[in-house]
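*Asks:* Got a structure for you, written out below as structure tokens; questions coming shortly.
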Amino acid sequence: MPELPEVETICQDLRTCGLIGEPIRGIVVTWEKTITPLSAEEFSGRLVGRAIARIDRRAKYIHFTLDDGQNLLVHLRMTGAFSIRESRCAMDSHDRVAFIYADRELVFHDTRKFGRMTLCTNTCGIFGRLGPEPFDPTLDAEVFHQKLMSHRRMLKPLLLDQGFIAGLGNIYVDESLFAARLHPCAHADELTPAQASNLLMAIRLVLRESIENRGTSLGEGDGNFHSDGRYGSNATRLKVFQRTGSTCPRCSAIIERRVVGQRATHLCPRCQVLS
């Protein structure tokens, strides 16, 4: 599933396409569950004639703000992707929604049909459940430590909880915990202020590097992450994620795969010791 760096990459690419301010002339919906609970007619009626005013990211959501104040929130789930195509191109069997412009189309392609679009006037119902962004300037080391101290949970499942901190997924939690030398099963409320500070810095460093590398694509198939026709290059920079049996780049121990909180987890048993 695309995580914060992948969604941010898509947002950056969409901002450069020149669609902001251009009126939508038509909508084609081939899989109505993508836009549930609206019908295709309702969805089209609220969007045709409108224009995108802003494109932002919140957690793993792409947030399109329309010129009339409506909000279109898109969650890619596992295989959602956007592409720009020439007008009147034949729809692919996995294309779910197409936004028709004067001379091109913005197409939402989703092989596994899990992606969702929510059209709303108020984002609080969705965004209000989310925790702070990792790069939020008000989330300093002291605040982060206080948040950790209020939870008894293991670090891995806590960091995956979008209500605790927004945007992280399996890849970047594993990489961040490795960078901070913390075991995934360590309890959040046992971290020292220094450990909490190191973890926050590790999260930001790992995310920033991945954004610079256009995200992580773990293959080149249609279902793997890509944006603007390009795959992310961050997979070659991963230290532990899906590197089971390889040597740790820091201490040469063998990377292990374990299940933590029902999620596959990768770690170095020497660098990430559970005290």
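The values are calculated or read from the model by the stated rules, or taken from the named source; none is laboratory data. Nothing here was measured: the structure is a model prediction, and the numbers come from that model. Methodologically, a virtual Cβ is constructed for each residue, glycine included, from the backbone with ideal geometry; neighbour enumeration extends over all protein chains shown.
*Asks:* From 114, 178, 164, 127, grab the single residue that is modelled with pLDDT of 95 or more and touching a Leu at 6+ places or on another chain (Cβ under 6 Å).
*Replies:* 164
*Asks:* Out of curiosity, is residue 95 surrounded by 15 or more Cβ atoms within 10 Å (Cβ to Cβ), within 14 Å of residue 30 (Cα to Cα), touching a Leu at 6+ places or on another chain (Cβ under 9 Å) and among the acidic types (Asp, Glu)?
*Replies:* Answer is no for this residue.
*Asks:* Tell me, yes or no, whether the stretch 17-28 has at least one residue that is free of Cβ contacts under 8 Å to residues at least 12 places away in the same chain and over 21 Å from residue 206 (Cα atoms).
*Replies:* Yes, that holds for at least one residue.
*Asks:* Working only within the stretch 225-256, note down all residues that are without any contact (Cβ under 8 Å) to a residue 60 or more places away in the chain, in contact with a strand residue (DSSP E or B) (Cβ under 7 Å, 6 or more places away or on another chain) and surrounded by 15 or more Cβ atoms within 10 Å (Cβ to Cβ).
*Replies:* 235, 242, 243, 255, 256
*Asks:* Answer yes or no: is there a residue in the stretch 129-143 that is in contact with a helix residue (DSSP H, G or I) (Cβ under 6 Å, 6 or more places away or on another chain) and over 18 Å from residue 11 (Cβ atoms).
*Replies:* Within the stretch 129-143, one or more residues are in contact with a helix residue (DSSP H, G or I) (Cβ under 6 Å, 6 or more places away or on another chain) and over 18 Å from residue 11 (Cβ atoms).
Residues are listed down the side, and each one gets a yes or a no for (1) part of a loop (DSSP other than H, G, I, E, B); (2) within 22 Å of residue 33 (Cα to Cα); (3) free of Cβ contacts under 8 Å to residues at least 60 places away in the same chain:
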{"position": "65", "(1), (2), (3)": "no, yes, yes"}
{"position": "74", "(1), (2), (3)": "no, yes, yes"}
{"position": "77", "(1), (2), (3)": "yes, yes, no"}
{"position": "81", "(1), (2), (3)": "no, yes, no"}
{"position": "93", "(1), (2), (3)": "yes, yes, yes"}
{"position": "98", "(1), (2), (3)": "no, yes, no"}
{"position": "106", "(1), (2), (3)": "no, yes, no"}
{"position": "112", "(1), (2), (3)": "yes, yes, no"}
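*Asks:* Still on this structure, I have one more. Among the helices (runs of 4 or more DSSP H) confined wholly to the stretch 116-191, which include 3 or more residues that are in contact (Cβ under 8 Å) with a residue 24 or more places away in the chain and of a type outside the set (S, T, N, Q)?
*Replies:* 141-149, 155-160, 170-179
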